[in-house]
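Please read the structure below before turning to the comments.
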Amino acid sequence: MRQTTTELVIATPGQGLHEITDAVVRWVAQSKVETGLLTLFVRHTSASLLIQENAAPAARRDLERYFAKIAPESTGYEHDDEGPDDMPAHLRAAVTATSLSIPVAGGRAVLGTWQGIYLFEHRRAAHRRRVALHLIGE
């Protein structure tokens, strides 16, 4: 059994779904692990990770609109230390995921045909987000 880790630094231009599939897939291939389990963990409280459709841009836009509706920006939140998008970013992260587990088989992440891995930036400003990757297997 082997283990390997790395950290991706993702520069986001602001809110939205930012696909990181290619970087993850490349790293898994370079690891030489044939069978195992990949864990991704975002090291922030105002961003999250999603596996979503990566073929139709409309799916991403609909997801972004949905989250803007369920956790709207407002001055009505008690926690607004960094502005009106501060607490909504935490709410959006709370109802999504901070970690993902993806099987690895044949040296590749086992994703469906239309599945992509996304960093979901919930803040309006550009950020540098860190995603820890851990792969264990043979």
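The values are calculated or read from the model by the stated rules, or taken from the named source; none is laboratory data. Here the structure is a predicted model, which is why all the values come from computation and not from measurement. Here Cβ is always computed from backbone atoms with ideal geometry, including for glycine, and neighbour counts include all displayed protein chains. Heads up: the accessible areas ignore ligands, DNA and RNA and are worked out on the full protein's heavy atoms, side chains in. Shrake-Rupley method; radii C 1.70, N 1.55, O 1.52, S 1.80 Å.
Remarks
- Selected residue (criterion: least open to solvent (accessible area, probe 1.4 Å)) from residues of segment 113-138 that are in a loop (DSSP other than H, G, I, E, B) and touching an Asp or Glu at 6+ places or on another chain (Cβ under 9 Å): 122
- Residue among 37, 63 that alone is open to solvent by 30 Å² or more (accessible area, probe 1.4 Å), among the hydrophobic types (A, V, I, L, M, F, W, C), in contact with a strand residue (DSSP E or B) (Cβ under 7 Å, 6 or more places away or on another chain) and not in a helix (DSSP H, G or I): 37
- Candidate set: segment 10-41, residues that are in contact with a Lys or Arg (Cβ under 6 Å, 6 or more places away or on another chain) and of a type in the set (A, V, I, L, M); chosen: the one farthest from residue 117 (Cα to Cα): 11
- Where a residue in segment 44-73 is more than 18 Å from residue 14 (Cβ to Cβ) and its partner, wherever it lies, is of a type in the set (Ser, Thr, Tyr) and surrounded by 12 or more Cβ atoms within 10 Å (Cβ to Cβ), with Cβ under 6 Å and at least six apart: 52/118
- Looking only at segment 86-104, and only at residues there that are touching a strand residue (DSSP E or B) at 6+ places or on another chain (Cβ under 6 Å) and of a type in the set (A, V, I, L, M, F, W, C), the one that is nearest to residue 71 (Cα to Cα): 93
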